[in-house]
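What follows is a set of notes on a single structure, which appears directly below.
Please treat every number below as a calculation from the coordinates, not as lab data. Every value quoted in this text rests on a predicted model; they were computed, and no experiment measured them. Note that each Cβ is placed from the backbone with ideal geometry, even for glycine, and that neighbours are counted across all protein chains shown.
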């Protein structure tokens with residue numbers, strides 16, 4: 001018996017099996033092998049004296065299936081989660097050997113990579129929840145201890161509530177989601193001032209950004 005299972009494309013990522021949509025676009029996906037866990041886990045292993053193999057970061061264009069690897073892996077470095085803004089891919093890279101944090105920009109149309117920021121790793125406690133957000137792009141860190149830090153291009157630190165996650169910037173504003181367990185579970189969206197973190201509005205419900213650019217409020 002012949003079984004025909006539809007398969008439109010075969011994407012060869014050399015053993016990487018999971019891809020995710022790049023935040024900020026519906027045309028590009030990203031994937032990494034996470035050979036030593038996520039960025040924070042890899043740093044812990046490195047600090048404990050273990051050899052940490054650098055991971056790979058690849059991008060896949062939809063619907064063409066084109067695969068690119070704009071920044072090659074090198075000894076001592078590890079990639080975090082990328083984001084997309086204004087026609088460019090922004091890549092978070094930490095070099096453990098150098099003690100440096102780099103933000104690299106891949107200009108998709110020009111197929112060009114440059115470094116737009118270089119920070120000292122010693123300027124932060126660790127790489128826990130260290131990530132890029134959009135838009136425009138900024139680098140942040142949530143230490144899960146009531147403090148949220150903006151590290152680049154501005155620097156600030158402010159208090160957040162228990163259960164609150166800052167997940168997006170819209171020019172001069174930050175959007176965060178906060179969940180409450182009791183007595184009845186509920187969620188709220190906070191609008192904060194960027195970069196100070198001043199809370200200026202609280203909205204009952206949860207925002208959902210749809211594939212066509214619409215934003216729905218689920219209440």
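Of all beta bridges that DSSP places with both ends in the chain, some 95 percent have antiparallel geometry.
Please say if region 13-132 is rounded, prolate or oblate, where rounded means a/c under 1.5 for a ≥ b ≥ c the square roots of the C-alpha gyration tensor eigenvalues, and otherwise the choice is prolate for a/b larger than b/c and oblate otherwise? List each step's numbers first, then the result.
Working: a/c = 2.05, a/b = 1.48, b/c = 1.38.
The shape class here is prolate.
Name the shape class, rounded, prolate or oblate, that the alpha-carbon gyration tensor gives for the chain, where a ≥ b ≥ c are the square roots of its eigenvalues, rounded holds for a/c under 1.5, and otherwise prolate holds if a/b is larger than b/c and oblate otherwise.
Working: a/c = 1.65, a/b = 1.18, b/c = 1.39.
Verdict is oblate for the chain.
Provide the percentage of antiparallel DSSP beta bridges, counting only those with both residues in region 13-132; round to the nearest 5. It would help to have the intermediate numbers written out before the result.
On the way: 31 of 33 bridges.
If I count the DSSP bridges inside region 13-132, around 95 percent turn out antiparallel.
Given the convex hull over the Cα atoms of region 159-212, what projected area results after averaging over all orientations, in nm²?
Details: hull surface 17.3 nm².
Its average projected convex-hull area is 4.3 nm².
Once you keep just the Cα pairs under 8 angstrom separated by 6 or more residues, what percentage relative contact order results for the chain?
Values: 435 pairs, mean separation 21.3, N = 219.
Dividing the mean separation by the residue count of the chain yields 10 percent.
Taking other C-beta atoms within 10 angstrom as a stand-in for reagent exposure, 7, 54 fall in the order 7, 54, fewest first. Spatial offset of region 123-155 relative to region 1-73 amounts to 23 Å, using the alpha carbon center of each.
Along its first, second and third principal axes, ordered by size, region 96-208 spans 50, 34, 21 Å in Cα coordinates. Packing-based ranking of 19-30, 150-161 yields 19-30, 150-161, ordered from highest to lowest mean Cβ neighbour count within 10 Å.
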